[in-house]
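**Student:** Let me begin by handing over the structure; questions about it come next.
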Amino acid sequence: MDTKRLLFLLRQPPYGTSHALEALESILVAGVFEQRVSVLFRDDGVWQLVGGQAGEVLGTRTIGKVVQALPQYEIEDIYVCATSLAARGIALNDLVLPAQPLDVGAQQALIAGQQVVVND
Amino acid sequence: MIFGIAVHGAPYGSEASASALRFATAALAAGHTLHRVFFYHDGVNLANGLTVTPRDEPSTQADWIALAGAHGVELAVCIAAALKRGLVSDAERERYDLQAASLHPAFSIVGLGQMIDAVGCSDRFVTFAS
């Protein structure tokens, strides 16, 4: 299997559907398989990054804790859409880990530099 | 060119699997190779062998099976996503002591690693999101 530059684009909110959890589980597996993984949170996906989540209230996993596990799988290229954060009134120090904020132009460059983009 | 496809949307409630089928048909007709179709999220429900399609509607599942059979394409279903949605093969039915198996035999149950393998083995990997 080739090692590829692989970007996961996370656009779904953390709760309400199983989408975010299953997407993050596939990202962790990509880390185990030693792909060069990047993750970009944008649109409602930025809510996955916000601290102070309590999934147990909903009887589900806490998505913020799964996000925090990414660096343990050697996934350290974690980006967030600055526009999506601003539109929701979320500050960088509200986040569970230090994601790098990107404007739209920088996101275009990030996507253009990948071999594979998984649009979740 | 070698394509890999991921289907994330539900087979009946979303257009994802039908759009992916049209894409796969066009890619194969143009002489490309399709390595594997990986069903994830609600997309795994396409592998349910206990569904009935009304006679006046096309069966996306039957069309996928026909396409895969004609071109030797693997139809792979994520085991973690499948078990949670009641999609079980005979092996899982026995292992978990369930009342019935539901997986259509044209589909294979695989781990998430097979999605990453498909990414690695394909020149292009196309996701059909929900």
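The values are calculated or read from the model by the stated rules, or taken from the named source; none is laboratory data. None of the values given here were measured: they were computed from a predicted structure. FYI the Cβ positions are ideal-geometry reconstructions off the backbone, even for glycines, and counts take in every protein chain you see. For accessibility, only protein heavy atoms count, side chains too; no ligands or nucleic acids. Shrake-Rupley method; radii C 1.70, N 1.55, O 1.52, S 1.80 Å.
**Student:** Given the criterion open to solvent by 30 Å² or more (accessible area, probe 1.4 Å), touching a residue at least 24 places away in the same chain (Cβ under 8 Å), more than 10 Å from chain A (Cβ to nearest Cβ) and of a type in the set (Ser, Thr, Tyr), identify the matching residue among B:THR53, B:THR33.
**Tutor:** Details: B:THR53 fails: touching a residue at least 24 places away in the same chain (Cβ under 8 Å).
The conditions single out B:THR33.
**Student:** Suppose we keep only residues that are more than 19 Å from B:GLY9 (Cβ to Cβ), part of a loop (DSSP other than H, G, I, E, B) and open to solvent by less than 40 Å² (accessible area, probe 1.4 Å) within segment B:78-105. Which one would you say is farthest from the other protein chains (Cβ to nearest Cβ)?
**Tutor:** B:ALA101
**Student:** Sticking with this structure for a sec: More than 29 Å from B:PHE125 (Cα to Cα) and of a type outside the set (A, V, I, L, M) - does that describe any residue in segment A:68-86? Outline the logic, then answer.
**Tutor:** Here is the first cut: in segment A:68-86, the ones more than 29 Å from B:PHE125 (Cα to Cα) are A:86.
Filter again for of a type outside the set (A, V, I, L, M), leaving none.
The answer is no, given that none of the residues of segment A:68-86 is more than 29 Å from B:PHE125 (Cα to Cα) and of a type outside the set (A, V, I, L, M).
**Student:** Can you pull out every residue in segment B:106-115 that is touching a strand residue (DSSP E or B) at 6+ places or on another chain (Cβ under 8 Å) and either within 9 Å of chain A (Cβ to nearest Cβ) or hydrophobic (A, V, I, L, M, F, W, C) (or both)?
**Tutor:** Listed by number, the residues that qualify are B:ALA106, B:PHE107, B:ILE109, B:VAL110, B:GLY111, B:LEU112, B:MET115.
**Student:** Here is a further query. Restricting attention to strands (runs of 3 or more DSSP E) lying wholly within chain A, give those where 2 or more residues are touching a residue at least 24 places away in the same chain (Cβ under 8 Å). It would help to see each step written out before you state the result.
**Tutor:** Values: elements: A:5-10, A:36-41, A:77-81, A:100-102, A:116-119.
Hits in chain A: A:5-10, A:36-41, A:77-81, A:116-119.
**Student:** Now for a different question. Restricted to segment A:36-76, and to residues that are polar (S, T, N, Q) and over 22 Å from A:ALA106 (Cα atoms), which residue is surrounded by the fewest Cβ atoms within 10 Å (Cβ to Cβ)? Working first, answer last.
**Tutor:** Residues of segment A:36-76 that are polar (S, T, N, Q), as a first pass: A:38, A:48, A:53, A:60, A:62, A:68, A:72.
Retained after the next criterion (residues that are over 22 Å from A:ALA106 (Cα atoms)): A:53, A:60, A:62, A:68, A:72.
Values: A:GLN53: 21, A:THR60: 13, A:THR62: 19, A:GLN68: 15, A:GLN72: 9.
The residue in question is A:GLN72.
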